[in-house]
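Structure record follows, encoded as structure tokens.
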Amino acid sequence: MSRLWKEFSKGLTTELPPFKLVLGLCPVLAVTKTAYNGLGMGLAVIFVLTLSNLMISLLRKVIPAKVRIACFIVVAASLVVAVELLMQAYAYPLYQQLGIFVPLIVVNCIILGRAEAFASKNGPLLSIADGAGMGIGFTMSLTFLGGLRELLGTGNLFGAHVVWDGFQPFGLMVEAPGAFISLGVLLALMVFVQNTQRRRRGLALIEAPTHDCKSCGACSNAQKA
């Protein structure tokens, strides 16, 4: 049970996508104009990710290694088609809002990443826990970011007006630049909090990678060639 909880909870904390793993950023930036859109996309990802992890785990000893990526995509695509049909039947306005990003779940980095890194190497129960945890963490991230943008950009939250009279919304927040600004600020805040905690524990701080000549081996590799 402890192993199941560990695999489930990592998607909510230490490997929270997209803020910790920085995966699946296309839907994070594109569909989070509102909290409702973020929640809808997240629920679709939970469905696909959990079931794809389960199916790939069950088939991991049957799938040939040379075509495993193609097989992972076929499994994910089948589940995405099911999600599309369900959304068209029961949540058509949401389906129209999410648009092309619903079928693009097939190639979401989180789906293929968990299939390759975890489900293809572990049993069904652990794979379900991993997929559900990652999916819920992804849903939380999208809903929070969508709610933040919706609140600042329109003064609403899940479509309900929640701010005081006279509030002047920042229209930029519900446009494309607002997605990049919001995500960048949240990532910076998370790094700040992590560094504060690490400083208190006496650990090394998280630093941005350098891109100067010292960090590049292109010239030395060219000379050796």
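The values are calculated or read from the model by the stated rules, or taken from the named source; none is laboratory data. Computed from a predicted structure; not experimentally measured. Counting neighbours? That spans all protein chains shown, and the Cβs are built from the backbone with ideal geometry, glycine included.
Among the residues making up segment 139-169, those that are part of a loop (DSSP other than H, G, I, E, B) and of a type in the set (A, V, I, L, M) are Val162, Val163.
The set of residues in segment 33-75 that are among the basic types (Lys, Arg) and free of Cβ contacts under 8 Å to residues at least 40 places away in the same chain comprises Lys61, Lys66. Filter segment 1-32 for residues that are among the polar types (S, T, N, Q) and in a helix (DSSP H, G or I); which is farthest from Gly178 (Cα to Cα)? Of everything passing the filter in segment 1-32, Ser2 is farthest from Gly178 (Cα to Cα).
Of Leu148, Leu189, which residue is on the phi < 0 side of the Ramachandran plot, surrounded by 14 or more Cβ atoms within 10 Å (Cβ to Cβ) and modelled with pLDDT of 85 or more? So that I can check it myself, show each step before the final result.
Details: Leu189 fails: surrounded by 14 or more Cβ atoms within 10 Å (Cβ to Cβ).
That would be Leu148, the only listed residue that is on the phi < 0 side of the Ramachandran plot, surrounded by 14 or more Cβ atoms within 10 Å (Cβ to Cβ) and modelled with pLDDT of 85 or more.
Screening Pro17 on (1) surrounded by 15 or more Cβ atoms within 10 Å (Cβ to Cβ); (2) at positive phi shows it passes everything except condition (2).
When you check Arg60 against the structure, is it crowded, with 17+ Cβ neighbours inside 10 Å and either among the acidic types (Asp, Glu) or more than 29 Å from Leu157 (Cα to Cα) (or both), yes or no? Even if it seems obvious, please write down each step before you answer.
Values: crowded, with 17+ Cβ neighbours inside 10 Å: yes; either among the acidic types (Asp, Glu) or more than 29 Å from Leu157 (Cα to Cα) (or both): yes.
Against the criterion (crowded, with 17+ Cβ neighbours inside 10 Å and either among the acidic types (Asp, Glu) or more than 29 Å from Leu157 (Cα to Cα) (or both)), Arg60 qualifies.
Given the criterion surrounded by 19 or more Cβ atoms within 10 Å (Cβ to Cβ) and under 20 Å from Pro18 (Cβ atoms), identify the matching residue among Ile105, Ile100, Ile128.
Values: Ile100 fails: surrounded by 19 or more Cβ atoms within 10 Å (Cβ to Cβ); Ile128 fails: under 20 Å from Pro18 (Cβ atoms).
From the options Ile105, Ile100, Ile128, the qualifying one is Ile105.
Summed over segment 75-92, residues that are closer than 15 Å to Leu43 by Cα, of a type outside the set (Val, Ile, Thr) and surrounded by fewer than 17 Cβ atoms within 10 Å (Cβ to Cβ) total 8.
Of these, Gly178, Gly171, which one is surrounded by 11 or more Cβ atoms within 10 Å (Cβ to Cβ), small (Gly, Ala, Ser) and over 24 Å from the mean Cα position of the chain (by Cα)? Every option except Gly171 fails the conditions. Based on this model, can you work out whether Phe72 counts as buried (at least 19 other Cβ atoms within 10 Å of the Cβ) and aromatic (Phe, Trp, Tyr)? Yes: the conditions hold for Phe72.
Only one of the numbered conditions (1) outside any helix (DSSP H, G or I); (2) touching a residue at least 40 places away in the same chain (Cβ under 8 Å) is violated by Leu186, and that is (1). Within segment 120-157, which residues are of a type in the set (S, T, N, Q) and in contact with an Asp or Glu (Cβ under 7 Å, 6 or more places away or on another chain)? Listed by number, the list holds a single entry, Asn156.
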